[in-house]
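Working notes for the structure below.
Each value in this text was obtained by applying a stated rule to the coordinates, not by laboratory testing. Everything numeric here is computed off the predicted structure, so don't read it as measured data. So basically every Cβ, Gly included, is an ideal-geometry build from the backbone, and we count neighbours across all protein chains shown.
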Amino acid sequence: MVENTFTGQYFYGTGRRKSAVAQVRLYKGKGGKVIINDKKGDYYFSPKYLINEVIKPLELVGMAKDFDVSVRVSGGGMMAQADAIRHGITRALVAFDVNLKPSLKKAGFITRDARVKERKKPGLKRARRAPQFSKR
């Protein structure tokens, strides 16, 4: 368990994906540390490539080593949480500098992915899956 030792002014962004919600704080710092729910980013995600997905907005604008990232995330699965964190980092970067918005928009990081799980309907087993039909 890692204590959040970041102090001072920060830039805030909220990211969402499916039922995952991430509250992201970007602190001006050296080294580019990522802390997610009081754990190092490398240890939080079990598929290790997800940490690379999370910091893509910072790498795109060339500020991966300029900010330390502190995240509080809940809900959803690992992929949804990673996408929510990426969305939150993007929003925090736009709060830091509005001039970064066009490049982040072009990469598709600003748009919130609105797809969510469809609800189960009455008389069906899942959202669209009907019970098996038997002619005889």
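Considered as a group, the residues in the range 71-111 that are in a helix (DSSP H, G or I) and of a type in the set (Val, Ile, Thr) include one that is surrounded by the most Cβ atoms within 10 Å (Cβ to Cβ), and that residue is Ile85. Of everything in the range 8-40 that is small (Gly, Ala, Ser) and surrounded by fewer than 20 Cβ atoms within 10 Å (Cβ to Cβ), the residue that is farthest from Lys105 (Cα to Cα) is Gly8. Of all residues in the range 118-130, none satisfies being in contact (Cβ under 8 Å) with a residue 40 or more places away in the chain and either loosely packed, with under 13 Cβ neighbours inside 10 Å or within 15 Å of Ile51 (Cα to Cα) (or both).
The set of residues in the range 19-67 being within 16 Å of Gly77 (Cα to Cα) and of a type in the set (A, V, I, L, M) consists of Ala20, Val21, Ala22, Ile36, Leu50, Ile51, Val54. When the range 43-70 is filtered for residues that are on the phi < 0 side of the Ramachandran plot and in a loop (DSSP other than H, G, I, E, B), the ones remaining, listed by number, are Phe45, Ser46, Pro47, Lys48, Ile55, Val61, Met63, Ala64, Lys65, Asp66. Could you say which residue among Ile35, Ile55 is free of Cβ contacts under 8 Å to residues at least 60 places away in the same chain, within 23 Å of Pro102 (Cα to Cα) and in contact with a strand residue (DSSP E or B) (Cβ under 7 Å, 6 or more places away or on another chain)? Of the residues listed, the single one that is free of Cβ contacts under 8 Å to residues at least 60 places away in the same chain, within 23 Å of Pro102 (Cα to Cα) and in contact with a strand residue (DSSP E or B) (Cβ under 7 Å, 6 or more places away or on another chain) is Ile55. The set of residues in the range 86-136 being among the basic types (Lys, Arg) and either over 25 Å from Gly76 (Cα atoms) or in contact with a Lys or Arg (Cβ under 8 Å, 6 or more places away or on another chain) (or both) consists of Arg86, Lys101, Lys106, Arg112, Arg115, Lys117, Lys120, Lys121, Arg126, Arg128, Lys135, Arg136.
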